Amino acid sequence: MENLVENEGTFAHRLERHKNHGYTRIELTFYNPELQSLSQYFEHMEKTRELLNGCRTFSCSFESQWKQRAESITSMVAVHFPEKNWFAYCHWWNSITSKKYGYLWTTVTVDIMPKLLANFSFNDRPIYLITAGIGENGKGIVEETTIYERVPGCTAMTLVAGGHKGMFPSRESEITTAREFSEVGIVEVNNITIGWPRSRHNKGSAPLADIVEQTAVDNNGVKELTAIHTSTFRAGYNVLNPGQEYTIVAAGMKEYYHRFHWHAITNCGVKLRLGDSLSEVWNRWRKHCLRAETRRWNVEGVERMTFIARRKVRINGYNDMRCELVE
């Protein structure tokens, strides 16, 4: 995939010329005890090309090929060997050729793994993480399978390994003349967008998307945010529009400037830090859903909450957004 966006070299220019009708290699294998003349082999090749003339293979652009493939993507899988620091991901598998598209890294520690899982996963599709070990016979042993998903409403891009197979590719770190993926037909399909972020990022950066573990809870339940990067969440009064309704689909508690705040993600992808008004509405809703005294940060069993942002206010020297529950 990353080879498509290269803009230097003979192969890159060849791909550019053929992006509107596809690029296919024809390979003929001859089983014969005697070699034929070169002209005879050329003749066989020409006959094969004539036979395939008019075949859709020669009139299927990269974009058409990609759309057909993307429409078949229903999930992704990753395998992690914590003891060895091995991590492999697979975006899709060709059942005919048995080829897999993905990559394997051998220096992935436990703290980096969740970021790779978030960055290389797809929106609206489950992420299967297989945690494995190595048995006495040297073969892999599946120890646990966990299913994650990006939070509902997420529209973030999906990474593919960089030109040098880096874990954190960006347009700044790759060849400066690299094309955009959309320029070669790798366009958005069913909320799948392949790309590289413009700015450099690394293992210390916030992930491109937030992921949560799938549970047996009803789909209407609020997902629990466990890995919260506060720098990616903004105060409610800065991101909420007065008069607009929002639905909280994921939430979690995290310390911010020496105070613990609720952080939430809405169905339209807004990531906000709850102010006093919305926190009050949210806590009443949690108590209503749980119908019992539970630990104060519990979201298990809490249904999604819809609220409306009313107006921006200033109370005791602090800005806030007045919010109300939508029954």
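The values are calculated or read from the model by the stated rules, or taken from the named source; none is laboratory data. Values in this document were obtained by computation on a predicted structure and should not be read as measured data. All Cβ positions, glycine included, derive from the backbone under ideal geometry; neighbour counts span all protein chains shown.
Summary table
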| item | result |
| --- | --- |
| Check on Gly236, assigned by TED's automatic domain parsing to the domain that holds Val299, surrounded by fewer than 17 Cβ atoms within 10 Å (Cβ to Cβ) and in contact (Cβ under 8 Å) with a residue 60 or more places away in the chain | no |
| Strands (runs of 3 or more DSSP E) enclosed by segment 31-117 - at least 1 residues per element that are hydroxyl-bearing (Ser, Thr, Tyr) and not assigned by TED's automatic domain parsing to the domain that holds Met167 | none |
| Residues of segment 163-187 that turn out to be surrounded by 13 or more Cβ atoms within 10 Å (Cβ to Cβ), modelled with pLDDT of 85 or more and assigned to a loop (DSSP other than H, G, I, E, B), as a count | 8 |
| Failed item, numbered, when Asn220 is tested on (1) modelled with pLDDT under 90; (2) within 17 Å of the chain's Cα centre (by Cα); (3) not aromatic (Phe, Trp, Tyr) | (2) |
| Some residue of segment 164-173 being free of Cβ contacts under 8 Å to residues at least 40 places away in the same chain, touching a Gly at 6+ places or on another chain (Cβ under 7 Å) and acidic (Asp, Glu) | no |
| Candidate set from segment 74-101 (those that are in contact (Cβ under 8 Å) with a residue 40 or more places away in the chain and of a type outside the set (A, V, I, L, M, F, W, C)); member that is surrounded by the fewest Cβ atoms within 10 Å (Cβ to Cβ) | Glu83 |
| Residue check, Phe307 exposed (fewer than 13 other Cβ atoms within 10 Å of the Cβ) and within 29 Å of the chain's Cα centre (by Cα) | no |
| Tabulated pairs, segment 23-44, first surrounded by 10 or more Cβ atoms within 10 Å (Cβ to Cβ), second of a type outside the set (Asp, Glu) and assigned to a loop (DSSP other than H, G, I, E, B), C-beta under 7 angstrom, 6+ apart or interchain | His44/Leu28 |
| Selection within segment 275-327 - polar (S, T, N, Q) and more than 16 Å from Thr247 (Cα to Cα) | Thr294, Asn298, Asn316, Asn319 |
| Selection status of Ala206, small (Gly, Ala, Ser), surrounded by fewer than 18 Cβ atoms within 10 Å (Cβ to Cβ) and over 30 Å from Arg311 (Cα atoms) | yes |
| Hits in segment 209-232 (condition: hydrophobic (A, V, I, L, M, F, W, C), in a loop (DSSP other than H, G, I, E, B), out of contact with any helix residue (DSSP H, G or I) (no Cβ under 9 Å at 6 or more places or on another chain) and surrounded by 13 or more Cβ atoms within 10 Å (Cβ to Cβ)) | Val217, Leu225, Ile228 |
| Tally of residues being over 29 Å from the mean Cα position of the chain (by Cα) and part of a helix (DSSP H, G or I) across segment 257-294 | 14 |
| Residue, farthest from the chain's Cα centre (by Cα), within segment 1-30, restricted to residues that are in a helix (DSSP H, G or I) and among the polar types (S, T, N, Q) | Thr10 |
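So that you can scan it fast, the table gives a plain yes or no per residue for (1) outside the structural domain of Arg150 (by TED's automatic domain parsing); (2) among the small types (Gly, Ala, Ser); (3) in contact (Cβ under 8 Å) with a residue 24 or more places away in the chain; (4) in contact with a Lys or Arg (Cβ under 9 Å, 6 or more places away or on another chain):
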position: Gln244; (1), (2), (3), (4): yes, no, yes, no
position: Thr247; (1), (2), (3), (4): yes, no, yes, yes
position: Ala250; (1), (2), (3), (4): yes, yes, yes, yes
position: Lys254; (1), (2), (3), (4): yes, no, yes, yes
position: Cys268; (1), (2), (3), (4): yes, no, yes, no
position: Leu272; (1), (2), (3), (4): yes, no, yes, yes
position: Leu278; (1), (2), (3), (4): yes, no, yes, yes
